[in-house]
Structures are given as C-alpha cells and as structure tokens.
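Structure first, then comments.
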Amino acid sequence: QVHLVESGGGLVQAGDSLRLSCAASGYNFNIAHMAWYRRTPGRQREQVARISPRSDKTYVDSVKGRFTISRDNAKNTLYLQMDNLKPEDTAVYYCNAAGYSGASWGQGTQVTVSS
C-alpha cells in the first residue's frame, strides 16, 4: 500500500525559503517518476515539478528558477527546495507519482507566504 508523508511547510514571508520533504513507501521508489503538486482552494491540483528516476527535472513556468526538486533513492524521499517564495505560492503541497490523477494522496503540507 502506497504511503506518502509530506512535511516542511510553514508560514513565511515573501522572499523566504522552505524545503519540503516527502517520505514514500509501498512501491519501488527507485524507478518511479515522482512529482510535487499544489492545490489552493477552488482550484485543481497542479503539478509543479517532476523528476525522473535518473533525476531529469521539469518545472511549471511559474516556479522555474525558484524551486528545485530532488530525490534520495536510498531514503525513499523526495524534496522540494523553494526559494524566493511569493504569496501566489501559498497552497497545500503534495507529492505523488508524476502524472497521478487518482484518489490516494498524503495529507499534504501547508505553505503560506505573506506579502
């Protein structure tokens, strides 16, 4: 059974940084394409960054140059370094397999950026 636990969110000011972590279990993390998603009230969940098993990375335009996705396969852990945060980055952040659209999600971690 897939189990995802996100952590590292918080309340910060614009321009600050945060590092999110996602501990994954229940599947072969080493060969999984993984991603970070975010959701704000009234909007659909958005995939903001993805990483291949070989650490090829892609980002949505709004976070390019500010967010960095990485992974530690030995620890089955996914990371998202978020720098120069903006109020529009305020959301609940989730991790999951890249392109996932099912119903099995972790609890997410809240990121709130004040102006």
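Annotations
- Residues of segment 1-28 with amide N under 20 Å of the 7 Å Cα→Cβ point at Glu46: 9-21
- Asp72 sits with roughly 50 Å² accessible to a 1.4 Å probe, with DNA, RNA and ligands left out of the calculation.
- Inter-label distance, Asp61 to His3: 4.1 nm, where each label sits 7 Å from its Cα along the C-beta direction.
- Around the Cα centre of the chain, unit charges on the Cβ atoms of Lys, Arg, Asp and Glu (plus for the first two, minus for the last two) sum to a dipole of about 180 debye.
- Surface composition of the chain: carbon and sulfur make up 46 percent of the accessible area, probe 1.4 Å.
- The loop-placed GluC sites (Glu not before Pro) in segment 5-100, going by DSSP, include none that has at most 12 neighbouring Cβ atoms within 10 Å of its Cβ.
- Neighbour cut-off at most 13 other Cβ (10 Å), DSSP loop, trypsin sites (Lys or Arg not before Pro), segment 28-115: Arg43, Arg54, Lys64, Lys75
- When Ser115, Ser52 are compared by accessible area of protein heavy atoms, the largest-first order is Ser115, Ser52, using a 1.4 Å probe.
- Pairwise Cα distances in segment 15-79 exceed 19 Å for 34 percent of all pairs.
- Mean separation of Cα contacts under 8 Å, 6 or more apart, over the residue count of segment 29-82: relative contact order %: 29 percent
- Only protein heavy atoms count here; under a 1.4 Å probe, Ile31 has an accessible surface of about 120 Å².
- Segment 1-49 - Rg and Dmax from Cα coordinates, angstrom: 13.3, 38
The values are calculated or read from the model by the stated rules, or taken from the named source; none is laboratory data. These figures come from a predicted structure and were not determined experimentally. Backbone-built Cβ (ideal geometry, glycine too); neighbour counts: all protein chains shown. The protein model used for the area step is the full one, side chains on, heavy atoms only, and it has no ligands, DNA or RNA in it. Shrake-Rupley method; radii C 1.70, N 1.55, O 1.52, S 1.80 Å.
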